[in-house]
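Novice: One structure, pasted below without further comment.
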């Protein structure tokens with residue numbers, strides 16, 4: 001079964017979607033979208049580092065992400081420049097540094113496009129092991145810190161006074177993010193990872209009444225996007241990673257309140273056959289009688 | 001449950017004793033040699049002008065920051081219930097009041113009961129972002145009470161609440177202090193209410209200007225220098241009389257005869 005590249009792609013995509021949804025919810029709740037984007041840009045630096053040091057690429061990415069996050073958090077405390085400036089600076093500096101580092105490796109031909117946009121249809125059995133193992137570990141760790149992290153997300157200091165070790169929980173959260181970025185790299189590439197983390201929670205919000213329902217719906221939306229994207233990619237020969245993100249975006253558009261209005265209009269009688277609204281001028285006609 | 005606590009706890013047991021607390025930020029001393037003693041069953045109010053270091057002192061006592069110098073000793077096993085100022089919760093987080101209260105680790109029954117005690121049962125299943133400022137104060141108070149605290153610490157518990165709401169909240173805090181038999185420390189700007197309802201006032205302006213009973217503090221020259229002669233007289237003026245009251249949802253209810 002795993003001999004089929006489509007099957008491998010689907011399993012890998014679903015594996016990433018299942019952890020990206022719940023993790024992405026926290027990124028949305030904590031307003032850390034830009035932070036996540038910065039981390040994923042640092043992934044490229046991890047790739048070139050992995051080739052230089054001859055270590056596993058996924059491991060290299062995870063290490064680079066963690067180091068970037070560490071630098072970011074310590075620079076944030078220094079308060080030298082505004083946080084969004086710092087994030088933008090670090091995101092693009094690490095991207096540039098990664099590209100420069102790659103150009104030095106003349107003997108190695110790295111497929112830059114697959115790094116930027118993913119290469120899910122070429123997932124190997126070995127990749128699958130990393131993705132599923134890393135994904136399961138990340139999901140288990142997230143479940144473990146779920147309540148303290150939620151508590152710290154609502155009110156950091158209240159959580160701390162109540163005995164939550166906020167710094168430790170936040171560090172664990174950043175570590176989980178690094179792992180998920182590393183395994184999602186192969187699926188959608190570093191430029192699109194953040195959309196796998198942000199779009200499914202954005203779709204799920206409208207249907208959720210509790211944090212857990214939102215996380216579950218986000219995971220489901222991610223899985224549907226993976227199915228839709230891969231099917232579309234096979235049918236129309238479009239790049240798989242961007243197709244997955246496009247599918248997720250389509251689900252988001254369909255979930256908007258505005259979409260509900262449009263659906264309603266389309267399903268009703270054509271506009272010119274509508275009688276004038278009786279309630280628009282309820283009094284004006286009666287004055288003339 | 002609380003009855004047992006009454007018997008066990010010594011009436012004026014010292015809960016927290018701070019000595020010589022000093023905090024520097026970039027060479028500037030925000031707090032300078034502050035002494036403070038908090039006792040069970042006693043309501044202590046921290047007053048002082050803006051930037052006097054009230055919030056910093058609270059943060060030190062809560063363990064959120066370390067003092068530059070000085071020491072804090074707390075009774076063994078001291079449980080603190082913290083009532084912060086209302087926070088902004090992002091709209092993207094679907095969370096009800098019930099769920100928010102459960103984050104502190106309380107059971108379903110305890111949550112319903114405590115929310116009733118603070119007069120906010122009607123928001124139990126409401127989204128946290130949808131409740132009013134006054135309701136949020138009560139919910140935060142409930143979260144603190146659910147920890148069965150020995151000491152309640154409140155940061156400006158009525159800021160942004162209208163006058164009637166303020167009086168109601170102060171009454172509620174006072175009721176809870178007696179019912180739960182805990183100590184209370186609060187930061188407040190409502191001088192007139194503070195002077196009417198507090199056992200112990202600490203007037204802070206980087207150092208402790210003066211402290212003691214409201215009567216003593218309002219006659220203290222440093223207090224008058226800080227807040228003016230008018231403020232010194234307001235404590236006697238404060239009386240709250242109405243021929244009716246409002247419950248939390250704003251409905252008019254008859255006044256309770258026994259004044260409870």
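The values are calculated or read from the model by the stated rules, or taken from the named source; none is laboratory data. Quick caveat, the model's predicted, so the values are computed rather than measured. Counting neighbours? That spans all protein chains shown, and the Cβs are built from the backbone with ideal geometry, glycine included.
Novice: Is it true that some residue in the range A:217-224 is within 14 Å of another protein chain (Cβ to nearest Cβ) and at pLDDT 95 or above?
Specialist: Filtering the range A:217-224 for residues within 14 Å of another protein chain (Cβ to nearest Cβ) gives A:217-218.
Filter once more, so that each one left must be at pLDDT 95 or above: A:217-218.
Among the residues of the range A:217-224, at least one is within 14 Å of another protein chain (Cβ to nearest Cβ) and at pLDDT 95 or above, which makes the answer yes.
Novice: Related question: For the range B:19-54, how many residues are in a loop (DSSP other than H, G, I, E, B) and either free of Cβ contacts under 8 Å to residues at least 24 places away in the same chain or within 14 Å of chain A (Cβ to nearest Cβ) (or both)?
Specialist: Keep residues of the range B:19-54 that are in a loop (DSSP other than H, G, I, E, B), which gives B:26-27, B:40-42, B:48-53.
Now drop any that are not either free of Cβ contacts under 8 Å to residues at least 24 places away in the same chain or within 14 Å of chain A (Cβ to nearest Cβ) (or both), which leaves B:26-27, B:50-51.
Number of matching residues: 4.
Novice: With the requirement that a residue be away from chain A (no Cβ under 14 Å) and either at pLDDT 95 or above or surrounded by 20 or more Cβ atoms within 10 Å (Cβ to Cβ) (or both), what does the range B:115-130 give you? Spell out how you get there, then give the answer.
Specialist: Step one: filter the range B:115-130 for residues away from chain A (no Cβ under 14 Å), giving B:115-123.
Across the range B:115-130, the qualifying residues are B:115, B:118, B:120, B:123.
Novice: Residues of the range B:73-85 being under 19 Å from residue B:135 (Cα atoms), more than 7 Å from chain A (Cβ to nearest Cβ) and surrounded by fewer than 22 Cβ atoms within 10 Å (Cβ to Cβ), which ones? Show your work before the answer.
Specialist: Restricting attention to the range B:73-85, the residues satisfying the condition of being under 19 Å from residue B:135 (Cα atoms) are B:81-85.
Going one step further and asking which of them are more than 7 Å from chain A (Cβ to nearest Cβ), we end up with B:81, B:83, B:85.
Matches in the range B:73-85: B:85 only.
Novice: Is it the case, given these coordinates, that residue B:16 is within 14 Å of chain A (Cβ to nearest Cβ), outside any loop (DSSP other than H, G, I, E, B) and under 30 Å from residue B:225 (Cα atoms)?
Specialist: Values: within 14 Å of chain A (Cβ to nearest Cβ): yes; outside any loop (DSSP other than H, G, I, E, B): yes; under 30 Å from residue B:225 (Cα atoms): yes.
Criteria met by residue B:16.
Novice: Just one of the numbered conditions (1) away from chain B (no Cβ under 14 Å); (2) free of Cβ contacts under 8 Å to residues at least 60 places away in the same chain; (3) not in a helix (DSSP H, G or I) is not true of residue A:163; which one?
Specialist: Among (1) away from chain B (no Cβ under 14 Å); (2) free of Cβ contacts under 8 Å to residues at least 60 places away in the same chain; (3) not in a helix (DSSP H, G or I), the lone unmet condition for residue A:163 is (1).
Novice: Applying the selection to the range B:92-113, what residues are away from every other protein chain (no Cβ under 14 Å) and buried (at least 20 other Cβ atoms within 10 Å of the Cβ)?
Specialist: Matches in the range B:92-113: B:111 only.
Novice: From the list B:202, B:208, pick out the single residue that is in contact with a strand residue (DSSP E or B) (Cβ under 9 Å, 6 or more places away or on another chain) and closer than 29 Å to residue A:163 by Cα.
Specialist: Details: B:208 fails: closer than 29 Å to residue A:163 by Cα.
The conditions single out B:202.
This table checks each residue for (1) within 14 Å of chain B (Cβ to nearest Cβ); (2) loosely packed, with under 14 Cβ neighbours inside 10 Å; (3) within 30 Å of residue B:100 (Cα to Cα).
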{"site": "A:99", "(1), (2), (3)": "no, no, no"}
{"site": "A:120", "(1), (2), (3)": "no, no, no"}
{"site": "A:151", "(1), (2), (3)": "yes, no, yes"}
{"site": "A:158", "(1), (2), (3)": "yes, no, yes"}
{"site": "A:168", "(1), (2), (3)": "no, yes, yes"}
{"site": "A:173", "(1), (2), (3)": "no, no, yes"}
{"site": "A:176", "(1), (2), (3)": "no, no, yes"}
{"site": "A:190", "(1), (2), (3)": "no, no, no"}
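Novice: Please work out which residue is farthest from the chain's Cα centre (by Cα), limiting yourself to the range B:61-72 and to residues that are within 12 Å of chain A (Cβ to nearest Cβ) and loosely packed, with under 15 Cβ neighbours inside 10 Å. Before you say what the answer is, go through the steps one by one.
Specialist: From the range B:61-72, those within 12 Å of chain A (Cβ to nearest Cβ) are B:61-65; that's our starting set.
Still in the list and also loosely packed, with under 15 Cβ neighbours inside 10 Å: B:63, B:65.
On the way: B:63: 17, B:65: 19 Å.
So, considering only residues that are within 12 Å of chain A (Cβ to nearest Cβ) and loosely packed, with under 15 Cβ neighbours inside 10 Å, the one farthest from the chain's Cα centre (by Cα) is B:65.
Novice: Taking the stated definitions as given, is residue B:57 in contact with a strand residue (DSSP E or B) (Cβ under 7 Å, 6 or more places away or on another chain) and either crowded, with 17+ Cβ neighbours inside 10 Å or touching a residue at least 40 places away in the same chain (Cβ under 8 Å) (or both)? Let's see the steps before the verdict.
Specialist: Working: in contact with a strand residue (DSSP E or B) (Cβ under 7 Å, 6 or more places away or on another chain): yes; either crowded, with 17+ Cβ neighbours inside 10 Å or touching a residue at least 40 places away in the same chain (Cβ under 8 Å) (or both): yes.
Criteria met by residue B:57.
Novice: Can you tell me which of A:238, A:210 is within 14 Å of another protein chain (Cβ to nearest Cβ), surrounded by fewer than 21 Cβ atoms within 10 Å (Cβ to Cβ) and more than 19 Å from residue A:183 (Cβ to Cβ)? Walk me through it before giving the result.
Specialist: Numbers: A:238 fails: within 14 Å of another protein chain (Cβ to nearest Cβ).
That would be A:210, the only listed residue that is within 14 Å of another protein chain (Cβ to nearest Cβ), surrounded by fewer than 21 Cβ atoms within 10 Å (Cβ to Cβ) and more than 19 Å from residue A:183 (Cβ to Cβ).
Novice: All but one of (1) more than 14 Å from every other protein chain (Cβ to nearest Cβ); (2) crowded, with 16+ Cβ neighbours inside 10 Å hold for residue A:32, so report the exception by its number.
Specialist: Single failed check for residue A:32: (1).
Novice: Output the residues belonging to the range B:141-165 that are farther than 15 Å from residue B:180 by Cβ and either more than 11 Å from the chain's Cα centre (by Cα) or surrounded by fewer than 23 Cβ atoms within 10 Å (Cβ to Cβ) (or both). Talk me through it step by step, then tell me what you get.
Specialist: Taking the range B:141-165 and keeping what is farther than 15 Å from residue B:180 by Cβ, we get B:155-165.
Listed by number, the residues that qualify are B:155, B:156, B:159, B:160, B:161, B:162, B:163, B:164, B:165.
Novice: Let me ask you something else. Output yes when any residue across the range B:91-112 is more than 30 Å from residue A:25 (Cβ to Cβ) and touching a residue at least 40 places away in the same chain (Cβ under 8 Å), and no when none is. Give the derivation first.
Specialist: To start, the set of residues in the range B:91-112 that are more than 30 Å from residue A:25 (Cβ to Cβ) comprises none.
No: the range B:91-112 contains no residue that is more than 30 Å from residue A:25 (Cβ to Cβ) and touching a residue at least 40 places away in the same chain (Cβ under 8 Å).
Novice: I need the full set of residues from the range A:63-86 which are surrounded by 14 or more Cβ atoms within 10 Å (Cβ to Cβ) and within 20 Å of residue A:167 (Cα to Cα), in order please.
Specialist: At the first step, the residues of the range A:63-86 found to be surrounded by 14 or more Cβ atoms within 10 Å (Cβ to Cβ) are A:63-69, A:71-73, A:75-76, A:86.
If the condition is that a residue be surrounded by 14 or more Cβ atoms within 10 Å (Cβ to Cβ) and within 20 Å of residue A:167 (Cα to Cα), then A:63, A:65, A:66, A:67, A:68, A:69, A:71, A:72, A:73, A:75, A:76 are the ones that fit.
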